[in-house]
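Some notes on the structure that comes next.
FYI, it's all coordinate maths here, none of it is from the lab. Computed from a predicted structure; not experimentally measured. All Cβ positions, even for glycine, are placed from backbone atoms using ideal geometry, and neighbour counts span all protein chains on display.
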């Protein structure tokens, strides 16, 4: 089913008439195409849905290209990222090419859909900036964290689901919330896995987020639960390379205070709401996608 | 007249509800607002024209933010650039914010205008990449140079003029060519001034383009006119810091072969065509803007 989306993206890239762009595009890891999948499941395999899915995936790819530059990330899904292979400038420029081509193609689909998707890209860009600003010191504000992951990760999934509902005349509000909850839960689980999984599985060091200055939900809850002396030690470790001994201490404290469980339950709560909404709409495949997300072990 | 455009841009930025964005925006040098001026002169001071002008100027600002990162440029119009002040990452992210907000606001204006402008941003992004690729070795292909400056500099001016014509029902074709020719001539003159003006006036070292690997029209014509021995010396100087003695030699050869004059006349030819088109449309202010462009001394 996603094959049609891949072909549409390739067509859009070929229209740029730039040999170089096609080569770069082929170097991008395709990923799970979760946003495209949602769109096709909701709206069916129509031409408008395929176009919308291709546009959303190009926007997602562009955002990752810029993301990797901003986060100094050289590995993406276990493979060297475009900035690692060709340098930051190529990533910036190719990101701009994908963004602009995607926005140009939005003109070819329903105007309401175009509004929803372009509004999401504004949020996504603001979220990227918020992520960087929040990482400058230890962020202990859970609302700021939620707002940031909503903008950075959930907004495009929300827009994908809402757009798809618009394309086929389904109730946009239910799908919008579904997409948002799924996106928020996805990021929360991802942030938990950064702590609980081994570096082999992650393809990057464990607790990398914290080393990079990012205080995700478990760290915020941990900070919240700690006494003054523990907090001091936690904050002293923030934003720098963590020794194995310190990592073990953090993990131990997290287990003691049950913060991973608490973070996981927050994600699960969002997923349950999403599942209930889709049950009401009779969307069993969407229920399944959401349920699977919290089956990922932590 | 441009005051309304400034206010509209500020409104768009304020809608982002991000204190940080407003501060960054205020740090951007406003520039000449040439694209906005063209739009208002062509389409009049209507709300649609003001919105379109604001959107185009935001796109232009975003492209300059990314440009300065890609070119390692730390000075913009004699002032430190955003990447010099706040680092490359801030420039990338703020550029993305401006781009996406501008694209989102395109949904609020005529669809044909939206198509024209977003197509220009695709060209602009491709042109930026082409500029970098062409700078890797000495480019002696004049057609590649023309295509690159068309994409990188002229496409947005072309789109501005064409959009404005669309908004008020004037003949889009004449205005499109006017905008394109103006943009091409503007870049050609700029490239000439990089050679002929002192570093005091430029706010950067003279012949900076050549040092950066960019072979603009005068260099291409010079290379073309030279014998094998001279060419060898020219190519040996390409893409590196130029000593005063070598710069003097290049300048001397350029005078001997009359290549600055030849490049200038090419720009002037484009301007004359633009002026003639606007004469036929009875657009005396547009004639004047174009004519003034080639009055800049070289």
Residue B:84 versus residue B:110, label points 7 Å from Cα toward the beta carbon: distance in nm?
4.0
Grab the residue from chain B whose Cβ hugs the B-to-A rotation axis most tightly, plus its distance in whole angstrom.
B:103, 2
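Which of A:219, B:86 comes first, and how do the rest follow, when ranked by fewest Cβ neighbours within 10 Å?
Starting with the residue having the fewest Cβ neighbours, the order is B:86, A:219.
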So the FRET efficiency between residue A:232 and residue A:265, C-beta based with R0 = 25 Å and rounded to 0.05, is 0.35
Under the convention of a label 7 Å out along Cα→Cβ, give the distances in nm from residue A:79 to the same position in every other copy, shortest first.
4.3
Given labels modelled 7 Å from the Cα in the Cβ direction, how far is it in nm from residue A:74 to residue A:256?
3.7
Roughly speaking, what is the centre-to-centre gap between region A:221-268 and region A:69-110 when only Cα atoms are used, to the nearest Å?
33
Say R0 is 35 Å: what FRET efficiency, to the nearest 0.05, do residue B:172 and residue B:14 get from their beta-carbon distance?
0.60
at residue A:46 the sorted inter-copy label distances (label 7 Å from Cα on Cβ side), in nanometres, are 3.2
With a ≥ b ≥ c the root eigenvalues of the C-alpha gyration tensor of chain B, is it rounded (a/c under 1.5), prolate (a/b larger than b/c) or oblate?
oblate
Could you tell me how many degrees, from 0 to 90 and to the nearest 10, lie between the Cα long axis of helix B:47-70 and the main elongation axis, the longest principal axis, of the Cα atoms of chain B?
40
How high is the relative contact order of chain B, given as a whole-number percent (alpha carbon pairs under 8 Å, six or more residues apart)?
16
Shortest first and in nm with one decimal, please list how far the residue B:233 label point sits from its counterparts in the other copies (point 7 Å along Cα→Cβ).
7.2
Once fully extended, how much extra length lies between residue B:137 and residue B:197, figured as 0.36 nm per residue of separation less the alpha-carbon to alpha-carbon distance?
19.1 nm
Hey, with R₀ at 22 Å, roughly what FRET efficiency would residue A:295 and residue A:225 work out to, going by the Cβ-Cβ distance, to 0.05?
0.25
Explain nothing, just the number: relative contact order of region A:1-68, from Cα pairs under 8 Å at least 6 residues apart, as a whole percent.
39
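Quantify how strongly other chains surround peptide A:101-111 by giving the mean number of their Cβ atoms within 10 Å of each of its Cβ atoms.
Taking the mean over all residues of the peptide, I get 5.
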